[in-house]
Amino acid sequence: MTPEPFLVRLPKDADLMESLMAVCREKGLTCAAIQMVGALRKASLSFYSQDDRKYLPKLLNEPLEILSGLGNLSLKAGRPFIHLHLTLADKDCRAFGGHAQPGCVIFAGEAFITPLPGQSLTRVFDDPTGLFLWEQ
Ligand code: ZN
């Protein structure tokens, strides 16, 4: 049976990436599209420096709205792996964002997950970018 897309509420005070991973693990997913809205108590983002080929961390220790979370679930080294980007807003409605890292603490979270059981994508190291991208 094909798994249906579903909505899920994420728990307050939990780590965002861990919570999404737990939901995907519980459903036995290995490939999916992820969308979400909500709010964070604090955020841990990064920006991939294309010149330095490394992620530059950015910690935001303040309440933030999640205007948009967009990502996917695929396999990396044989294990499910979530890649998620967040657009956030502060109390003055200024928006910014980046690559989500562990350390984003949920205030409220509503995720929409679309399982893609017909697909299997595996991340492998891509030398031209220095990133783990989908195998072609
Ligand atoms: Zn990213």
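The values are calculated or read from the model by the stated rules, or taken from the named source; none is laboratory data. Nothing here was measured: the structure is a model prediction, and the numbers come from that model. FYI the Cβ positions are ideal-geometry reconstructions off the backbone, even for glycines, and counts take in every protein chain you see.
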Which residue out of 102, 115 is modelled with pLDDT of 95 or more, of a type outside the set (Gly, Ala, Ser) and touching a Cys at 6+ places or on another chain (Cβ under 8 Å)? 115
Quick check on residue 53: is it touching a residue at least 24 places away in the same chain (Cβ under 8 Å) and under 30 Å from residue 128 (Cβ atoms)? yes
So which of 42, 91 ends up being touching a residue at least 40 places away in the same chain (Cβ under 8 Å) and of a type in the set (D, E, K, R)? 42
Hey, does region 78-85 have a residue that's out of contact with any helix residue (DSSP H, G or I) (no Cβ under 8 Å at 6 or more places or on another chain) and either of a type in the set (Val, Ile, Thr) or buried (at least 17 other Cβ atoms within 10 Å of the Cβ) (or both)? yes
Within region 11-21, track down each residue that is surrounded by 15 or more Cβ atoms within 10 Å (Cβ to Cβ) and either among the aliphatic types (A, V, I, L, M) or in a loop (DSSP other than H, G, I, E, B) (or both). 14, 16, 17, 20, 21
